[in-house]
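The values are calculated or read from the model by the stated rules, or taken from the named source; none is laboratory data. Quick caveat: nothing in here was measured; it's all calculated off a predicted structure. Cβ placement follows ideal geometry from the backbone for every residue including glycine, while neighbour counts extend to all protein chains displayed.
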Amino acid sequence: MPYFLIFVACLGLIISTLGIEFQEIQQLDVAAVAWMNLHHSVILQKIAVFLSKIGGLPGALCIAALWCLYLYKSKRYAHILFISFGFIGGSCIGWMLKFLFNRARPDAMYQIVETYGASFPSGHSLYAAVLSCLVVFLYYQHAQAKIILCFACLWSIGMGLSRVYVGAHFPTDVLAGWSIALIWVALLWFLLAPKILSQKHLFLEKNLNEVE
């Protein structure tokens, strides 16, 4: 699974990066933002603005911190390490790329929320995708794995689409955020998976002994 995710994410990152260089892709980017701007509705706008408010760095950081505190109670330190490195590392990569590419955001007439920093990659999309990927990797063996996977995907996709809807990003910015998150978390999983899986095994044995 991680190999497939890395392959798909690499393709996405290549396509999104080419979008900065090729005028044809840039035109599609602008057309997508303009199309969404023409199809605003009161309900969708409220949802998109709400996602923009809670999906920024402070909001995503609070979600990650609360998750780590929950895991700390059960002493799942490897899980906390995975989440911490995943979120902090992904965020740093995203902001370094923003500084490196320094892409301008869509025209101000399309923006209905306050923005800061460069456009590429989308930070909101990256944070959402990082958290979603962390959830998927940690809970893929959970009894309700399919439901968890659906919610994680909806969160990531919804956040990305909302950023184009509010005129804060181009579609390729969002695609780049998703792709970077997938690559980073998958690579990190390869590094930390032995510790995480062994910790799951230890907790399973502990619970069985308590039942006996």
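Consider P106 carefully, then state whether it is outside any helix (DSSP H, G or I), under 12 Å from the mean Cα position of the chain (by Cα) and not small (G, A, S). So P106 does not fit the description; no. Would you be able to say whether some residue in region 16-25 is surrounded by 14 or more Cβ atoms within 10 Å (Cβ to Cβ) and of a type in the set (G, A, S)? Yes, there is a match, as at least one residue in region 16-25 is surrounded by 14 or more Cβ atoms within 10 Å (Cβ to Cβ) and of a type in the set (G, A, S).
Counting residues in region 22-45 that are in a helix (DSSP H, G or I), at pLDDT below 95, of a type in the set (S, T, N, Q) and under 17 Å from the mean Cα position of the chain (by Cα) gives zero.
Quick check: is even one residue across region 143-164 over 28 Å from Y110 (Cβ atoms), in a loop (DSSP other than H, G, I, E, B) and either without any contact (Cβ under 8 Å) to a residue 60 or more places away in the chain or among the aliphatic types (A, V, I, L, M) (or both)? Yes, the conditions are met somewhere in region 143-164. Please state which of the following conditions H169 fails to meet, knowing it meets all the rest: (1) modelled with pLDDT of 90 or more; (2) in a helix (DSSP H, G or I); (3) touching a helix residue (DSSP H, G or I) at 6+ places or on another chain (Cβ under 6 Å). Only one criterion in (1) modelled with pLDDT of 90 or more; (2) in a helix (DSSP H, G or I); (3) touching a helix residue (DSSP H, G or I) at 6+ places or on another chain (Cβ under 6 Å) is unmet by H169, namely (2). Residue count for region 177-191, restricted to those that are crowded, with 24+ Cβ neighbours inside 10 Å and within 16 Å of C153 (Cα to Cα): 7.
Among the residues of region 74-102, those that are out of contact with any Gly (no Cβ under 8 Å at 6 or more places or on another chain), surrounded by fewer than 19 Cβ atoms within 10 Å (Cβ to Cβ) and closer than 14 Å to H124 by Cα comprise I88, C92, I93.
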